[in-house]
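Structure record follows, encoded as structure tokens.
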Amino acid sequence: MASDKESVGLSAASQQRITELEAKGWFGEAADIARLGLATAIRANCNMGASEQVETRWAAGNFDKTGEIRSLIRVIYPDCETPVRQMEYLVNEGLRMIHERVTAGAGPEDLLG
Amino acid sequence: MLTLRRLEMEGFGPYAEPQALDFPDEPGVTVVYGENMTGKTSLLNAVRYAFFGRVLGRGSRERRLHHISNRALAAEGKYGFKVRLSFQNDGEEFQLIRSCRPTPGRLIPADDADYEEETKLRCGANILGPGEREAALHRLLPDQISRFFLFDGELLQEYEKLLYQDDDDGRKISDAIEQILGVPILQRSRRYLADLTDEADTMEAKEAAKSKKTEAIGNNLKSATDRKKYHLSELARLQGELDELARQKSDAEGSLKSQRRFLTVIQERDQAEARLKELEGEIETASTALRVHMADAWRTVLRGTVEAARGRASERAAQAVDEIVNQLRRRAIDDGQCSVCEQAVGEATRSVLRRSLPATAETGATKASADLLDLNRFEVRDVASVVTQLAHQLSKARADVARLKDLIRDKDIELKDADRDRLQGDTASLADIMEKIATKKAAHEGHEQKLIEADAAIKTLKDQLAKVASSGLVASQTRSRILRQCTEVCAAAVETYKSNLRLRVEATASDLFRRMTTEKGEYAGLRITDSYGLHLIHNDRAVEEGRSAGAEHVIALALMGALQANAPIRGPIVMDSPFGRLDDGHTENVVATLPTMARQVVLLVHKGEIRQHHVREILGNKLLREYELRKVSSRRTIIEQVR
């Protein structure tokens, strides 16, 4: 079994998506978008998984400064032994979901609903 | 009385080739028919140019002479024009020639500065020198009263201002009316007498100062007369400056008026731009707030998930605890011993009990507790409502921004012909002029008050002097007293004359109005105001409020005729399309009244205003001559006599 990562990375597609979402001017920093992506994926009952061909973007400690995300992943994915990888997977999956909705015309208030 | 004989023009307006109008000597009407843009107004302007060297356009604004040159000739490289006006006054024959030519060497003039003007006035066989010429022209037809002899429908509309005494233009018109009626000469006489009286007071003061008995009073009287002289001088200076400022104000208002449509557009554009800036600020503030709240968006999204997970974990923890308790009970029943209470249990039995307790219950409770701990670390924040509000606010603001930008673009298109610098300059200039007028008016009022105080002081001192004066002062006191009484009599006489004059003008105007109106028997006549405005009086003696445009027109014409009939200066009336607001009935009545308004009337009209055969029927043998303006091309008109 793969050991856990220490950083959260983004695929090329996720990098592009996050750039487009930043251009909307709704978010203060890219990490806010990534966290929203993660939350969106969890809410959508995303399974466990791993992202491939990612480029490191954030140190896990910076991305999850308070440890809340890691705690949540422990509860929601009790069998997960690599929480940071799961974090990364959820971020990339979630960014895809958000990007789809925004491209279809969703505003910031729609992403929360 | 001034009577026109012949008007010749060359290169003036649409009159490229030399064209002429001859005016019969007998009293009556000459009619010139011309459709729009054939040159009727140019004829009026030719007479105006001959007498005053200027040409008026719309809004009575002076037109540049460079633009008067005939366009067809200008296209051939020939610039400039000439007007020759022959007229007679009280038996003397005059010929007035005024020409405007490019300065030598200026092949293609571009502005008035590129022209030189020449004026000649011949009286009989003599050509008058410049000073004599200007004095003669001013005596024959002063510029300030030209509006009563040369006018069009637009000038007629200005008489409505006479009803508004506070209006500067209204006062200008009433001053012009008094001038044509000869009032200024009388007012000057009064002023001269007042000046002589002041001089007499000064002499009296000097005489009094020579005697020890009256020295103190004499010196005080001298100071008071000096003060009075100073205030009079200041009042005259300030009045001159106010007159000049009034002229500047009129020019500035005229300039702004011609660009009034741009002023409104600029105002709307400025308002839109100000609102745009506000909105951009609001958008910036809301965007910043949105970004701050969206940092917690992930928490809002997970709120439901976390709450559900907490619920499940709490349930699991409760179930695990129940199972543990049941197990302990079963053990106690089976073994006949209680592991919780104090019943002794053998070592062997305790070992058995420990081994048989279900491990999963403890693990389950431990896991559930751990989950709850993890879930309770999550800080729930709900920013949905504030994000929704900010998003809607931004959406609306951006829509408003787009709308305002479109509006500003549209306004910029409307303003592409506007000279904004000039507009801003004129607006600022007018504001500056208004401020100066207010300041000078306040100063004027101050000096008026001081003048009253000086006069009162002079009277008191003269009364004191009368009680103690010696015989040496009798002559100067008598002179001063006589002059003062003459001044008062003159002042009273002028007021009486003005009052009688107004009544005569009122009577004449009423008569003319009754002839021209179609509502015979409805109106008693006209009542004149102190500023020569005319109220319309119904038969029930009530003033007719809210007069129609047509009524205003007829009343203005009645005033013109009344002034002509009562003025010491009389001359021809040249009127350009004066029937603009009148219906057929009123138009016919006005035409019928023309021969009574002045000895010589020149009517410039188009056939849409009144049919040629109607004019002939109405005027009969008072119609002396008819001309038609025929358009040869868009830039050339010729004058043809038809009768």
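Of everything in the stretch B:508-529, what is touching a residue at least 40 places away in the same chain (Cβ under 8 Å) and surrounded by fewer than 16 Cβ atoms within 10 Å (Cβ to Cβ)? Give them in sequence order.
The answer is B:Thr518, B:Thr529.
Restricting attention to helices (runs of 4 or more DSSP H) lying wholly within the stretch B:355-474, give those where 2 or more residues are within 14 Å of chain A (Cβ to nearest Cβ) and surrounded by 13 or more Cβ atoms within 10 Å (Cβ to Cβ).
Working: elements: B:359-377, B:384-414, B:420-468.
It comes to B:359-377, B:384-414.
Tell me, which residue of the stretch A:74-97 that is under 30 Å from B:Leu372 (Cβ atoms) and aliphatic (A, V, I, L, M) is nearest to the other protein chains (Cβ to nearest Cβ)? Don't jump to the end; show me each part of the working.
Looking only at the stretch A:74-97, we keep the residues that are under 30 Å from B:Leu372 (Cβ atoms), and these are A:74-94, A:97.
Narrowing the set further to residues that are aliphatic (A, V, I, L, M) leaves A:75-76, A:84, A:87, A:90-91, A:97.
Working: A:Val75: 5, A:Ile76: 6, A:Val84: 16, A:Met87: 12, A:Leu90: 11, A:Val91: 10, A:Met97: 11 Å.
The extreme case among them is A:Val75.
State all residues of the stretch A:99-113 that are farther than 20 Å from B:Lys396 by Cβ and either within 10 Å of another protein chain (Cβ to nearest Cβ) or of a type outside the set (A, V, I, L, M) (or both); if no residue qualifies, say none.
A:His99, A:Glu100, A:Arg101, A:Thr103
Could you check the stretch A:18-33 and list, in sequence order, the residues that are surrounded by fewer than 24 Cβ atoms within 10 Å (Cβ to Cβ) and either facing chain B (nearest Cβ under 10 Å) or not in a helix (DSSP H, G or I) (or both)?
Within the stretch A:18-33, the subset surrounded by fewer than 24 Cβ atoms within 10 Å (Cβ to Cβ) is A:18-25, A:27-32.
Listed by number, the residues that qualify are A:Lys24, A:Gly25, A:Phe27, A:Gly28, A:Glu29, A:Ala31, A:Asp32.
Just to be sure, is B:Gly580 in contact (Cβ under 8 Å) with a residue 60 or more places away in the chain, surrounded by fewer than 19 Cβ atoms within 10 Å (Cβ to Cβ) and either in contact with a strand residue (DSSP E or B) (Cβ under 9 Å, 6 or more places away or on another chain) or over 20 Å from B:Pro27 (Cβ atoms) (or both)? Spell out how you get there, then give the answer.
Values: in contact (Cβ under 8 Å) with a residue 60 or more places away in the chain: yes; surrounded by fewer than 19 Cβ atoms within 10 Å (Cβ to Cβ): yes; either in contact with a strand residue (DSSP E or B) (Cβ under 9 Å, 6 or more places away or on another chain) or over 20 Å from B:Pro27 (Cβ atoms) (or both): yes.
Taking the combined requirement at face value, the residue satisfies it.
Restricting to the stretch B:588-638, give me the number of residues that are of a type in the set (Val, Ile, Thr), in contact with a Ser or Thr (Cβ under 9 Å, 6 or more places away or on another chain) and either part of a helix (DSSP H, G or I) or at pLDDT below 90 (or both).
Selection size over the stretch B:588-638: 1.
Go through (1) surrounded by fewer than 21 Cβ atoms within 10 Å (Cβ to Cβ); (2) within 14 Å of chain B (Cβ to nearest Cβ); (3) of a type outside the set (A, V, I, L, M); (4) not in a helix (DSSP H, G or I) for A:Ser3 and report which single condition fails.
(2)
Which is within 14 Å of chain A (Cβ to nearest Cβ) and in contact with a Lys or Arg (Cβ under 8 Å, 6 or more places away or on another chain), of B:Gly304, B:Gly254?
Details: B:Gly254 fails: within 14 Å of chain A (Cβ to nearest Cβ).
After ruling out the rest, the residue left standing is B:Gly304.
Could you say which residue among B:Glu278, B:Glu284, B:Glu273, B:Glu234 is more than 14 Å from chain A (Cβ to nearest Cβ), assigned to a helix (DSSP H, G or I), out of contact with any helix residue (DSSP H, G or I) (no Cβ under 9 Å at 6 or more places or on another chain) and modelled with pLDDT of 90 or more?
On the way: B:Glu284 fails: more than 14 Å from chain A (Cβ to nearest Cβ); B:Glu273 fails: out of contact with any helix residue (DSSP H, G or I) (no Cβ under 9 Å at 6 or more places or on another chain); B:Glu234 fails: out of contact with any helix residue (DSSP H, G or I) (no Cβ under 9 Å at 6 or more places or on another chain).
Just one listed residue meets the conditions, B:Glu278.
Select from the stretch A:47-73 the residues that are of a type outside the set (S, T, N, Q) and either more than 14 Å from every other protein chain (Cβ to nearest Cβ) or more than 23 Å from B:Leu375 (Cβ to Cβ) (or both) and list them in ascending order. Reasoning before the result, please.
Keep residues of the stretch A:47-73 that are of a type outside the set (S, T, N, Q), which gives A:48-50, A:52, A:54-55, A:57-61, A:63-65, A:67-70, A:72-73.
Answer for the stretch A:47-73, where residues must be of a type outside the set (S, T, N, Q) and either more than 14 Å from every other protein chain (Cβ to nearest Cβ) or more than 23 Å from B:Leu375 (Cβ to Cβ) (or both): A:Met48, A:Gly49, A:Ala50, A:Glu52, A:Val54, A:Glu55, A:Arg57, A:Trp58, A:Ala59, A:Ala60, A:Gly61.
For B:His66, work out the one condition from (1) touching a Phe, Trp or Tyr at 6+ places or on another chain (Cβ under 8 Å); (2) over 20 Å from B:Pro18 (Cβ atoms); (3) touching a residue at least 60 places away in the same chain (Cβ under 8 Å) it doesn't fulfil.
Status for B:His66: all satisfied but (3).
The values are calculated or read from the model by the stated rules, or taken from the named source; none is laboratory data. These figures come from a predicted structure and were not determined experimentally. Virtual Cβ from ideal backbone geometry, glycine too; neighbours counted across all protein chains shown.
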